[in-house]
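Asker: Here's a structure for you.
The values are calculated or read from the model by the stated rules, or taken from the named source; none is laboratory data. Every value quoted in this text rests on a predicted model; they were computed, and no experiment measured them. FYI the Cβ positions are ideal-geometry reconstructions off the backbone, even for glycines, and counts take in every protein chain you see.
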Amino acid sequence: MKVAVIQMVSGANVQANLQQALELLQSAAQAGAELLVLPEYFCLIGQRDVDKLAIGEQEGSGPLQQFLSETARRLGVWLVGGTIPLRNASHLEARVSNSSLVYSPAGACVARYDKIHLFRFDNGQERYDESQVLSAGHLPVTFDLPSQDGHTWRIGLSVCYDLRFPELYRAYAQAGAHVMLVPSAFTHTTGQDHWEVLLRARAIENLAYVAAAAQGGLHDNQRQTWGHAMLVDPWGLVLAQRAQEAGVVMADFDFAALSACRGRLPALQHRVL
C-alpha cells in the first residue's frame, strides 16, 4: 500500500490553504498513493488560537468537510483530513474539538478522532495552551482499510501531542493496528529534539508503521513549525521524510514485511504488564 503524508505551511487564509492542500493531494494521488494524510491544522493556522472558533463546523456539514469528501471521491483515495475544528453539540462553551476525519474513496466519512491530549508549553518565550480553545477527546479510534494489495490494514488515529503518550499507541497495537497516523504541527523548539525520536519509538515498541504528516515552516503568525513529515517502518527505520516547506512524502507499506518483523521479534506477545 502506497502511503503519502503531506507537509504544508498553512496560513491565515483558509481558501489558500485548501488550494495548497488540493494541489499536494493531487500530486500524491497521481503518483499512486492510496492513503493520503494531511497535517494538523491544514485548513488554518491563524493569527490567534481563537481564529479556529470562527471556522468551526457541525459534524456532517460545512465547507471543510465538503472539501475533504469531494477530494477523496474525485481522487479515488482514502483521505485523512489532518484536523479541522468541529463545534461541540452543546454550544455551551467557546471551544471546538480538534478532529481528524477519515474519508473513503467514495467520499464517505468513516471515522472521527478527537485529539485526546491538549498541548501546553511555556519556556518563558513561547507559550501555548490548547485547552483555551479546544475540548479534549476521550476515545481511541481505529478504522479498517481494504487495500488494493489484498490486505485489510487496521489504522490507529492520533494527533501531534498525543505522540508523547505511548499508552495510546499500545492500545492500538492491542486492537490489532498495523499503522499509526500522527498528523501534527510540532513547534520548532520541541520538534528538533523530540519529533523523530518519538515517532521511531512508537513504531519500534508497537512493531507498526507510523505515518506523520506535518506543518513545516514559518507561518503568518510568525510561529515556526518543525516539519520533517516522515514515514517509519516497524523496525523504526525512516523510509522517507521532508525537512521543511510544502511537499509530499511517500513510501510503500508492505504487509508481508510487517508480519515478518513481528514474527522475528514477537515483543507484542511477550508483554507482561
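Asker: Just a yes or no: is a residue in region 12-27 over 25 Å from P146 (Cα atoms), under 17 Å from the mean Cα position of the chain (by Cα) and without any contact (Cβ under 8 Å) to a residue 40 or more places away in the chain?
Answerer: yes
Matching residues to (1) more than 23 Å from A111 (Cα to Cα); (2) among the small types (G, A, S):
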position	(1), (2)
V159	no, no
R164	no, no
R170	no, no
A173	no, yes
W226	yes, no
A229	no, yes
L237	yes, no
A256	yes, yes
V272	yes, no
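Asker: Kindly provide the set of residues from region 126-142 that are surrounded by 14 or more Cβ atoms within 10 Å (Cβ to Cβ) and not hydroxyl-bearing (S, T, Y), ordered by number.
Answerer: E130, V133, L134, A136, G137, P140, V141
Asker: Residues S259, S184: which one is out of contact with any strand residue (DSSP E or B) (no Cβ under 9 Å at 6 or more places or on another chain) and of a type in the set (S, T, Y)?
Answerer: S259
Asker: A further question follows. Which is surrounded by fewer than 17 Cβ atoms within 10 Å (Cβ to Cβ), within 30 Å of Q222 (Cα to Cα) and over 15 Å from the mean Cα position of the chain (by Cα), of A89, A94?
Answerer: Only one candidate qualifies: A94.
Asker: When you scan region 80-168 for strands (runs of 3 or more DSSP E) that lie fully inside it, which ones turn up with 1 or more residues that are in contact with a Phe, Trp or Tyr (Cβ under 9 Å, 6 or more places away or on another chain) and basic (K, R)?
Answerer: Of the strands (runs of 3 or more DSSP E) lying wholly inside region 80-168, those with at least 1 residues that are in contact with a Phe, Trp or Tyr (Cβ under 9 Å, 6 or more places away or on another chain) and basic (K, R) span 120-122, 127-129, 152-157.
Asker: Could I ask something else about it? Name the single residue that is farthest from G82 (Cα to Cα) among those in region 230-248 being touching a helix residue (DSSP H, G or I) at 6+ places or on another chain (Cβ under 9 Å) and part of a strand (DSSP E or B).
Answerer: V238
Asker: Could you count how many residues in region 227-253 are aliphatic (A, V, I, L, M), over 20 Å from M1 (Cα atoms) and in contact (Cβ under 8 Å) with a residue 60 or more places away in the chain?
Answerer: 1
Asker: Kindly indicate whether any position in region 254-268 is touching a Lys or Arg at 6+ places or on another chain (Cβ under 9 Å), surrounded by 14 or more Cβ atoms within 10 Å (Cβ to Cβ) and free of Cβ contacts under 8 Å to residues at least 60 places away in the same chain.
Answerer: Checking region 254-268: not a single residue is touching a Lys or Arg at 6+ places or on another chain (Cβ under 9 Å), surrounded by 14 or more Cβ atoms within 10 Å (Cβ to Cβ) and free of Cβ contacts under 8 Å to residues at least 60 places away in the same chain.
Asker: Scan region 177-208 residue by residue and report those that are under 14 Å from L258 (Cβ atoms) and either of a type in the set (G, A, S) or outside any helix (DSSP H, G or I) (or both).
Answerer: A177, H178, V179, M180, A203, L207, A208, listed by residue number.
Asker: Would you mind stating whether S104 is of a type in the set (S, T, N, Q), closer than 30 Å to P166 by Cα and crowded, with 18+ Cβ neighbours inside 10 Å?
Answerer: The answer is yes for S104.
Asker: In region 115-125, is there at least one residue being buried (at least 20 other Cβ atoms within 10 Å of the Cβ), closer than 21 Å to M8 by Cα and modelled with pLDDT of 95 or more?
Answerer: yes
Asker: Something else about it: Do we have R154 as surrounded by 18 or more Cβ atoms within 10 Å (Cβ to Cβ), out of contact with any Lys or Arg (no Cβ under 6 Å at 6 or more places or on another chain) and without any contact (Cβ under 8 Å) to a residue 60 or more places away in the chain here?
Answerer: No, not satisfied.
Asker: Can A33 be described as among the hydrophobic types (A, V, I, L, M, F, W, C), part of a loop (DSSP other than H, G, I, E, B) and over 19 Å from K115 (Cβ atoms)?
Answerer: Taking the combined requirement at face value, the residue satisfies it.
Asker: Among the residues of region 46-79, what is the count of those that are assigned to a helix (DSSP H, G or I), free of Cβ contacts under 8 Å to residues at least 60 places away in the same chain and not charged (D, E, K, R)?
Answerer: Residues that pass the stated criteria total 11.
Asker: Of a type outside the set (V, I, T), modelled with pLDDT of 95 or more and farther than 24 Å from P266 by Cα: is that true of R164 in this structure?
Answerer: The answer is no for R164.
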